[in-house]
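All remarks here apply to the structure that follows.
The values are calculated or read from the model by the stated rules, or taken from the named source; none is laboratory data. What you see is a predicted model, and the numbers here were worked out from it, not measured in a lab. Because the Cβ atoms are built from the backbone with ideal geometry, glycine has one as well, and the counts that use them run over all protein chains shown. Side chains included, ligands, DNA and RNA excluded: accessible areas come from the protein's heavy atoms. Shrake-Rupley method; radii C 1.70, N 1.55, O 1.52, S 1.80 Å.
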Amino acid sequence: MSAKDDGPPPRPGPPARDPVPEPPWRADARARDEPRLPLTRDAIVEAALRVLDREGLDGLSMRRVAEELGTGVASLYWHVRNKGELLQLLTERLAGEIELPRPDPSRWQEQLKDLGRQMRAGAHRHRDGARITLGRVPSGPTIARFTEWLFELLTPVGIPDRVIAYLGDLAALYVGAYAFEESLGLASPTGEDLPPEQIVAMFRDYLLSLPADRFPHVHRAIGDLFGGDFDDRFEFGMDVIVRGIGTYARPGRSSAMETIE
């Protein structure tokens, strides 16, 4: 039989169509999730910050951070060695929220005080912020940024290098300890849960009950002893620090060759 006797050509089949989707209850739940963002060190730190704000330092763990990110703990260890390094990175993150203005030596006192105010506000911006930063020194770009700013601000004033170098520690200790004590609240001498004003009244009444002839200065200055709020007392401390730094100023002389006398 010749080729022309093979019969008519086959009819074309139906056009190809997309697969029929499965019912929604049959699809893999993981396929319905939003695409997971790549895990990075910054993402881990931001997740840790969210856990910290909700649960505090005592509730912060590598496991809780992993749960926050929807991943396993082992995945975190590719980017962060342990909880200690995570806390160090959180310290860096909190310090990074502080904005440093262009150094203006003509306003160095006010700029130093404003830095202290920003540090205090930052410690309260996040739950247990002051508790995390105490005992931890910012490292890497953070410490370089702050150190360079301090030298640019204070070197033209004639402040010795050694004084500037020590100032970072002094300011961090004062502000961190002050903010941490604020976060604890006022402890009652009886161990009871009492409002702060009642606790202050207990101290005041006790001192006033003492003989005035034996404690004349206590009676005379009772208003100052219990006057002022947290803001007033913080500003007083910053003023003392700034005035003390000012005593080292040597206008017109290079601070690079000076030492603490």
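Observations on the structure shown:
- Between amide H atoms placed 1.01 Å from N, distances below 5 Å from VAL80 occur with no residue 5 or more places distant or on a separate chain.
- The Cα center of the range 132-194 and the Cα center of the range 195-228 differ in position by 31 Å.
- If you sort ARG93, ARG120, ARG145 by accessible surface, 1.4 Å probe, largest first, the order is ARG145, ARG93, ARG120.
- Taking all Cα pairs closer than 8 Å and separated by 6 or more residues, the relative contact order of the range 108-190 comes to 45 percent.
- Cβ-Cβ FRET estimate between ASP58 and GLN198, R0 fixed at 22 Å, reported to 0.05: 0.20
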